[in-house]
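S.K.: Sharing a structure below in structure tokens format, with a few things to ask.
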Amino acid sequence: MMDIALDAWLLFERAPTSFSDVEVVTQRTGGPRFRTTYGTVAARAQQLMHALDGLGLGVGDRVATLAWNSSRHLELYFGVPCTRRVLHTVNVRLAADEVAFILRDAQDRCLFVDPDLVPLLEEVAGLGGLETVEHVVVLDGDVGGTTLPGAIAYEDLIADEPTTYDRPEIDERMPLGLCYTSGTTGRPKGVEYTHRSTVLHALVAATGAALSLGPTDCTLPLVPMFHAAAWGMPHAAMAVGAKQVFLSGAVDAPTLLALLDEEEVTVAAGVPTVWLALADELARHSQPLPALRHLVCGGAQPPLALIERYRREFGVSIVQAWGMTETSPLASLAWPKHALRDLPDEELDARVRSQAGLPLPGITLAIRDDDGNATPWDGEHMGELLARGPWVADEYAGGASRDSFTADGFFRTGDMAIGSPDGYVVIADRAKDLIKSGGEWISSVDMEAAIMAMDVVVEAAVVAVPDPRWQERPLACVVVGADTTLELPDLHQHLLDQGFARWQLPDRLELIDTVPRTSVGKFDKKALRARFA
């Protein structure tokens with residue numbers, strides 16, 4: 001067999017030939033919709049490759065982006081690593097001091113920024129976050145008005161460069177990308193993706209075991225390109241020649257619905273909050289989406305009621321995905337196995353679609369108890385979930401948190417899981433979010449899912465609060481619909497009807513306006529614990 005390096009060019013090289021006419025669409029929130037093609041994206045990406053050479057950046061230098069989802073960001077996805085530099089996507093939702101820490105820690109030499117994020121970058125500069133950054137490039141429009149020294153417009157940077165670039169020899173094990181964890185505990189930690197790991201992840205992500213993508217598809221990643229490569233969807237879509245649609249900026253339901261309909265999106269990916277809002281928008285307009293094949297949901301467990309609603313009202317399947325920054329990020333998806341195909345839809349929803357799913361080809365998942373022993377996959381025993389595979393990190397950048405990796409080559413995820421006899425993984429909770437009451441464990445995830453099945457409930461988060469007698473007790477923080485309310489006795493009765501024991505019922509109910517979220521859209525339970533402890 002030919003010994004061909006697994007580098008970013010393998011994902012990129014067919015764009016200017018086989019898929020040159022395939023569209024790439026960017027919708028700016030509250031603004032115009034911009035259309036281009038893979039042929040143009042590929043030509044501009046190669047202009048960028050020459051421009052990076054002209055800036056004097058060396059092999060392995062880190063190039064940061066502070067940018068939303070867009071075709072320009074897609075050009076950077078390939079223009080940077082195809083020249084043996086490292087693409088460092090920075091979370092735009094972080095506070096300025098966190099961005100400053102990350103940029104200093106990564107030692108980025110060049111940074112590309114969207115115009116509306118320039119004020120954030122100026123604040124970062126005031127905190128000393130641009131100490132190593134020699135070049136700042138504004139991705140759209142001119143650089144007028146910015147206080148950033150030496151800033152240049154992207155279009156000016158690439159304007160006179162050639163549209164083809166000689167493919168260099170790339171060691172497939174050299175870094176391609178850098179992404180920092182969301183930092184819910186302690187400082188964010190860097191995870192370096194290699195060319196090899198990214199190519200393997202993209203190829204598996206396109207399969208029917210994962211996102212299920214091909215040339216006939218149109219993708220819409222609502223997950224940000226600045227976090228874990230938008231779940232690998234841009235790489236996978238480019239590799240197979242699928243049309244790509246991007247929503248640049250904040251996601252709003254009317255714009256999302258218009259995009260799904262008018263661009264005939266077949267596969268979209270996002271967090272549960274997005275699909276909750278879209279469901280209400282779909283119901284208001286009674287609008288079918290015949291092109292849409294399935295939605296991929298990750299970041300948090302979708303409520304079972306949401307999965308059932310999409311199937312029942314809109315004829316659309318929601319597929320649960322699980323992964324982390326450290327797993328590139330896709331590690332498992334909850335597709336029904338052939339042997340389960342004849343089960344009633346309601347049983348499939350509860351038994352399969354609402355779970356973390358089956359490990360992807362190449363990924364090994366293990367569940368171990370506190371002593372490091374394997375727990376039986378019997379649907380009952382819970383332990384910590386561990387992962388191993390060719391796109392799973394074996395260390396953090398700089399060697400941080402070495403105790404997150406085991407001696408036998410597994411990454412300790414920090415998720416508590418139960419293995420089912422069918423081979424599916426059920427995420428019981430994050431280890432730090434389990435509630436230990438009187439020596440017994442209560443899963444906040446299970447309780448949240450049950451609460452969100454109530455008609456009056458929009459969102460719910462359950463956290464542990466200290467208790468002098470039982471050590472910890474559950475507190476339910478609930479967002480209810482307009483002109484509705486919820487009382488603790490009604491909540492108790494609903495949970496009893498759902499099979500919860502009386503000792504598991506929350507002692508307190510707090511009605512809140514919204515559930516706080518982390519920078520990547522997950523429930524920020526740390527903030528809730530601090531608020532109500």
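Each value in this text was obtained by applying a stated rule to the coordinates, not by laboratory testing. Since the structure is predicted, the reported quantities are computational estimates derived from the model, not experimental observations. We place every Cβ from the backbone using ideal geometry, glycine too, and count neighbours over all the protein chains shown.
S.K.: Which of the trypsin sites (Lys or Arg not before Pro) found in the range 67-173 are in a DSSP loop and have at most 10 neighbouring Cβ atoms, other than their own, within 10 Å?
M.R.: On the way: sites: Arg72, Arg84, Arg85, Arg93, Arg104, Arg109, Arg173; in loops: Arg84, Arg85, Arg93, Arg109, Arg173.
Here no loop site has a sparse enough neighbourhood.
S.K.: Loop only by DSSP, 11 or fewer other Cβ within 10 Å of the Cβ. Give me the trypsin sites (Lys or Arg not before Pro) in the range 435-521 that pass, ordered by residue number. Each step should come with its number before you reach the end.
M.R.: Numbers: sites: Lys436, Arg469, Arg502, Arg508, Arg517; in loops: Arg469.
Passing both the DSSP loop test and the Cβ count: Arg469.
S.K.: So, one more: Let me know the charge dipole size of the range 251-430 about its Cα centre in debye, to the nearest 20, where only the beta-carbon of Lys, Arg (+1) and Asp, Glu (-1) is charged.
M.R.: On the way: 14 positive and 28 negative charges, 51 e Å.
Using only the charged Cβ atoms, the result is roughly 240 debye.
S.K.: Once volume of the Cα convex hull per residue in Å³ is worked out from the coordinates, which option in [x] 280; [y] 135; [z] 162 does it equal?
M.R.: [z]
S.K.: Further question on the same structure: Identify the residues of the range 422-462 with backbone N under 17 Å of a label point that sits 7 angstrom from the Cα of Gln493 along the Cα-to-Cβ direction, or state none.
M.R.: Only 451, 453-457 pass the distance filter.
S.K.: Please list, in order along the range 381-393, the HN-Hα scalar couplings obtained from phi with the Karplus expression 6.51 cos²θ - 1.76 cosθ + 1.60 (θ = phi - 60°), rounded to whole Hz, x for Gly and Pro.
M.R.: Result, rounded to whole Hz: 6, 10, x, 7, 8, 10, 9, 9, x, x, 10, 10, 4.
S.K.: So how far, in whole Å, is the C-alpha centre of the range 1-30 from the one of the range 433-468?
M.R.: 44 Å
S.K.: All other residues with a Cβ under 12 Å from the Cβ of Pro162 taken together, and with Lys, Arg as +1 and Asp, Glu as -1, what is their net charge? The partial results should precede the final answer.
M.R.: On the way: positive: Arg44; negative: Asp53, Asp160, Glu161, Asp166.
After counting each charged neighbour, the total is -3.
S.K.: Let me ask something else about it. Relative contact order of the chain: what whole-number percent is it, with Cα pairs under 8 angstrom and at least 6 residues apart? Before the final figure, lay out the partial values.
M.R.: On the way: 1119 pairs, mean separation 56.5, N = 533.
Once divided by the residue count of the chain, the mean separation gives 11 percent.
S.K.: Which pairs, out of Lys432/Lys525; Lys337/Lys522; Lys189/Lys525; Lys436/Lys525; Lys432/Lys522, put more than 18 Å between their alpha-carbon atoms? The partial results should precede the final answer.
M.R.: Numbers: Lys432/Lys525 10 Å; Lys337/Lys522 28 Å; Lys189/Lys525 20 Å; Lys436/Lys525 16 Å; Lys432/Lys522 14 Å.
Beyond 18 Å: Lys337/Lys522; Lys189/Lys525.
S.K.: With both bridge residues required to lie in the chain, what share of the DSSP beta bridges run antiparallel, to the nearest 5%?
M.R.: Of those bridges, close to 55 percent are antiparallel.
S.K.: How much net charge surrounds Met238 when only other residues with a Cβ under 15 Å from its Cβ are counted (Lys, Arg +1; Asp, Glu -1)? Each step should come with its number before you reach the end.
M.R.: Working: positive: Arg14, Arg44, Arg72, Lys243; negative: Asp7, Glu13, Asp21, Glu23, Glu75, Asp217.
Once positives and negatives cancel, what remains is -2.
S.K.: Sticking with this structure for a sec: Give the distance, in whole Å, between the Cα centre of the range 63-125 and the Cα centre of the range 265-329.
M.R.: Taking the Cα centre of each part, the range 63-125 and the range 265-329 sit 29 Å apart.
S.K.: With a sphere of radius 13 Å drawn around the Cβ of Ile363, what net charge do the other residues whose Cβ falls strictly inside it have (Lys, Arg +1; Asp, Glu -1)? Each step should come with its number before you reach the end.
M.R.: Values: positive: Arg388; negative: Glu326.
Net local charge, Ile363 excluded: 0.
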